Structures are given as C-alpha cells and as structure tokens.
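One structure is given here, and the rest of the page talks about it.
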Amino acid sequence: MAGDSSSAETEPPVNRTASLLTGERAVVGLVLARVLFSLPLSLLSHGVSLLLLSLSAFLLEIRAETLPFLLSRFASRRGATSGILLGAVTLPAVMISKLIQLTRALSMHEAEQEEFEHVTMQYWATSASCCAILIFLSVIMSKSSRSQPSSSCVWVTRVSLSATVLYGASCFISLSMISHTGLNTALKLLWMLFHGLAAVKLIQHLLRTFPSCASMGEALLMTSGLVLYFGDLLACTIAKIFEKLVPVDLVSISYGMKRTEIGIIVQGLLLGLLLFPMFFKLIMHTYKSSLRKKDSQQRNPSEIEKSAIFIVSLGFIMAVVAPSWMQFVHDFHQHPFLWVFTFVFSEPLKRLTLCIYWVLLIIASVWRFYNISRNSKIERILLRKYYHLMAVLMFLPALVLQPKFLDLAFGVALAVFLALEIIRVWRIWPLGKPLHQFMNAFTDHRDSDILIVSHFSLLMGCALPIWMSSGFNDRPLSPFAGILSLGIGDTMASVVGHKYGVLRWSKTGKKTVEGTAAGITSVMAVCFVLVPVLASTGFYILTTQEEKWVSLLVAVTGSGMLEAYTAQLDNAFIPLVFYSLLCL
C-alpha cells in the first residue's frame, strides 16, 4: 500500500547482482513461501508445479530487465517494470489457495468432490496458460539474443526448459490422480494444451493491438484470466452438448457441476460483450463493401449510420445471442432477463432501496469529483482515491446484507463499463467524444488514449474475491479482500503518504514507509471491527478457531508490502494476492 501510487520510471539495473534484489521479487517470494508451506501432502504435485513456474518466471524476468532489447518488439507500459514473475504466479497462487481451502472442506464433508475437481482443472488450466506464455517469451528472448550470445543466456534457457519438463510431469501426475481412465487423462492434458496455445495467441494480439497499455506482467495476468474464463465457458458448453452422447467425465466431470442462475447470467453478459467487437467489425466491413459496390468513390458510412449499426448489432447480441446461450447451458424456465426482474422484485424493499442508494451515490460523487478535477489543482491520484472510498460505501453494506444481489450487480456494472469503453474507443456518435473527454479527467500515467483501465481494475478488484468466495468458504474475510485492500488500505496509504510521507521505500519511487504503515494499520483496524459485526448479522458463526489474527496480520502485511514495492497496476494484483493469503 503506497504513499503515492505514482512511480518514476524504473532505471536500468547497474549490474545483474543488484537486479536480483528488488522489493517486489522479495515480497512475491514470501507470499509464495506462505502458500507453499500451507500445502497438504495431497497437493504436493501442485506445489511443485507452482515452484517450477515461479523459477522460470523469475529467471525470465531477470533476463528481460537486464537486457531490455530482448522484448523490444512489444511496447510495454511506460514507468512499469516487466512484472513477469508477479503476473505469472498470481492466478495460480489464487487457485492453489482455493484448493487448500477445499481440502479442509472435504475433510469436514462440507464440499463435494466435484467442486474440488473443478478448481483443480482451473488451477492446471491457469498454470498451463502462464507456462505457455513463459515458453513463448523464452523463445522470443533466445531469438533476440542470437546477436549477443552468452553463457548466462544458455544457462537460463536450459534451466527454463528443465523446469518446463518437470512442470509437465507434475501436471500429468495430478491429472492422472483425478482421472478414471487413460483416455480421460489424455483429454485433460489436451485441454491444458489448448489453454496454453490460446494464451500465447491472445497475449500477442493484446500487446500488438494495445501497445504501451500494459506491462508484460499485467498482460500476462489479463491473458491467463481471459483464457481461463472463456475456457470455462467453452467447457461448460461442450459438457452440455455431449452429456447425452458420451459420459460427461470424458469431457471433464468437473465442468458438469451445477451453476447458479446469477453465475450463468453474468457469464453470458460478459461473453456477449467480449465477442461483440468482432461481430461489429464484420458487420461494418460487410456494409462498407456493399457501399463500395454501389459507389465507385468508396464512400464511408456516416457517423449516424455507424451509430445505428452499432446499436442494432449490440441489441442483437445482448437480446438474442447471449440469452440463447444462457438458456442452452442452464434450464431457465423463463427468459433470463425476466428471471433477473423476478429476482430483484422477490425482495423489492431491500434490493430496490439498495439500487436507489447506489444511483444517488454515483451521481453525487461523479458530479462532485468531476467539477473538482476541472476547477481544482488537487492531484489526480488523490482524486481517484475518493472513488475507492465510494466503492467501500457502495459494496460493503451490500456484501453483508445482500451478497447474491451484489454478485448480479457486479456483473451488470462490468457489462456497462465494457459497453461504454467500446463506445469511447470507437467514438460512437453521440456519446463517444463526450465520454472520452469525461474519462480523461480521471486518468493517470497507467492509462492511455487507447484504453482506460483504472475503473475496470477497481471494479474487478472488488468483485473477483466475492465471486471466487462462492461455495464453501471458511474464511469470512476473504470476500472482503478487494474492498479492504483497495477501498481502505490503498486510500489511507496514498492520503497519509502524500501528506505526511518522508521515508521512501526506494530512491526511484514515491511510495513511503508512513503510507504503507497507515494502509496496513487501517485494514487491521477495520478487520477488528468487521469480524464481530459479521458475526452479529449472521454472516458467519464466530468461533475461537476462526479468529486467526496472526494469519490475518501476515496477509495484510504481505499485500501491503507488495503494493509498496510493485510498479504494476495495484488494483489488479493486490486484491488477488490478499485473497489468496486470506484463504489460507
């Protein structure tokens, strides 16, 4: 947690020994050690694979930052380090923490074996995506270093290759243990290979389409997350198609597990919006071709025509395609949007009141902060922290009182954000240009003219721990990981560090010891108040065994120190790291 989120550009390392001793790598190493030491023997192969993945990422990051020209073909976000190690281990660490949690559930007979297998497949899919990207980066570096061969390059390549082979062996052993036949194991290994190839293709597309918008670590996290998400959608669809033709276990019994209506609706909304740009480009290309056939002067569509095509295309995707998929994979007895309407009005007083509260808070806050940004000299980094506090005011009461409704609200909000960003990027008339001007009032060095990602990362940072806490959860604070780390810790750290910070963690950065201490202290203070409040509201049953304050202090301190040292997008990484530590 930082004294000031802004950071200076990372200077090139003086020597290779100095490049090993960075605060970010040290904290990542401590986080991994905490996760690995919590592993039961039944998850030993998973721990070995995570260790091997970390070793490969560590060596590649050192090599990339020692010789920056090796990855010069990809334009990274200015001011950020490569972040390969952090990007490669964050999601696998989250999944392995979930597996540790489910192991406890299985021992108490509070979770199904099917749920454990589902998360196991997600862990191996995520780590396979990260491993494939690391292999891809290693190949790129090897080709770039042929002009300057060295013994260290050969050594790094050999170690990375050895770690990859051992990783494959660990994956094979683990998948064999949850498979009933050799064919089942082969299909699952093929499924992991599919994730790896898809991840390599996607990260190339993202880095070329959106240059200078993300560091390598941020792109790696985004890629592995998207591949995992779409892989889950595809597997769910395949399981539904073949459940009557072949045994579901041949596809993967874990993906045949029961899903909630809210989960399916959120997945369908995001699927439609993420696929919409390709559909819209196809429609526009077809329309332009028809215009050129009619008019030899190659007239382009007008703004109004483009806007009309956009609205019709988006309406078709969201009203026809997405609901059709939802009804195919889940037995809705009515249209999914009608189900949402029924769900909201099943408790109208609570849920409609909450919606009105959110709308009024958003309108008042956005109007106030936008005027401040235009008429005041206050730094944008502090102005943006007010939105973090607004997230606490919006999400904390809802999570305690209406957690299921909040799940749905997060999905709808993310869908709205995606739609608005598409409108802004393509300058769709009449909202495109005004929306771009409005959003620019809140951007900082981590955003670009191509993509503005800070509001996405804040929303996702708060939502992901809540979504991932569905099902068995014996750690009551884990759903609050994003709200606490971003809304409380990060905000207090920035305000205190900016106003009172003197001692800096590094010579090149602006993050201060005072800011980090304030962030850690504030989160711990809120946790001391929140735990008995949750117990009194029936959110969970308070017992002495669940009050693991030492473990909580380790989790808060670990995530706080990572935020103090990292130059990556903290809204994306810190909630996930904090969540993984809380699950232990």
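The values are calculated or read from the model by the stated rules, or taken from the named source; none is laboratory data. Everything numeric here is computed off the predicted structure, so don't read it as measured data. Note that each Cβ is placed from the backbone with ideal geometry, even for glycine, and that neighbours are counted across all protein chains shown. With ligands, DNA and RNA removed, areas are computed over all heavy atoms of the protein, side chains included. Shrake-Rupley method; radii C 1.70, N 1.55, O 1.52, S 1.80 Å.
What are the residues in segment 109-118 that are over 14 Å from K188 (Cβ atoms) and either modelled with pLDDT of 80 or more or of a type outside the set (G, A, S) (or both), if any?
Listed by number, the residues that qualify are H109, E110, E112, Q113, E114, E115, F116.
Would it be correct to say that E61 is under 27 Å from W124 (Cα atoms), among the acidic types (D, E) and touching a helix residue (DSSP H, G or I) at 6+ places or on another chain (Cβ under 7 Å)?
Judged against the criteria, E61 is a match.
Take the residues in segment 31-88 that are part of a loop (DSSP other than H, G, I, E, B) and of a type in the set (S, T, N, Q); name whichever of them is farthest from the chain's Cα centre (by Cα).
Step by step, filter segment 31-88, then rank; the result is S72.
What are the residues in segment 402-426 that are open to solvent by less than 40 Å² (accessible area, probe 1.4 Å), among the charged types (D, E, K, R) and more than 13 Å from M460 (Cα to Cα), if any?
E421, R424
Being modelled with pLDDT of 85 or more, among the aliphatic types (A, V, I, L, M) and more than 21 Å from the chain's Cα centre (by Cα) is the filter; apply it to segment 364-405 and report the residue that is farthest from I483 (Cα to Cα).
Only one residue tops the list, namely L401.
One line per residue, one yes/no per condition, for (1) at pLDDT 80 or above; (2) assigned to a helix (DSSP H, G or I); (3) open to solvent by 60 Å² or more (accessible area, probe 1.4 Å):
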{"residue": "M284", "(1), (2), (3)": "yes, yes, no"}
{"residue": "Q297", "(1), (2), (3)": "no, no, yes"}
{"residue": "K306", "(1), (2), (3)": "yes, yes, no"}
{"residue": "I309", "(1), (2), (3)": "yes, yes, no"}
{"residue": "S313", "(1), (2), (3)": "yes, yes, no"}
{"residue": "M318", "(1), (2), (3)": "yes, yes, no"}
{"residue": "Q327", "(1), (2), (3)": "yes, yes, yes"}
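Can you tell me how many residues within segment 33-53 are closer than 13 Å to T90 by Cα and crowded, with 21+ Cβ neighbours inside 10 Å?
3
When you go through (1) assigned to a helix (DSSP H, G or I); (2) open to solvent by 10 Å² or more (accessible area, probe 1.4 Å); (3) in contact (Cβ under 8 Å) with a residue 24 or more places away in the chain one by one for S142, which number turns out not to apply?
It fails just one condition, (3).
All but one of (1) within 18 Å of L202 (Cβ to Cβ); (2) open to solvent by 10 Å² or more (accessible area, probe 1.4 Å); (3) not charged (D, E, K, R) hold for Q113, so report the exception by its number.
(1)
Any chance segment 162-173 includes a residue that's modelled with pLDDT of 85 or more and surrounded by fewer than 18 Cβ atoms within 10 Å (Cβ to Cβ)?
no
Counting only residues that are over 18 Å from S559 (Cβ atoms), at pLDDT below 80 and surrounded by 19 or more Cβ atoms within 10 Å (Cβ to Cβ), how many does segment 492-520 have?
2
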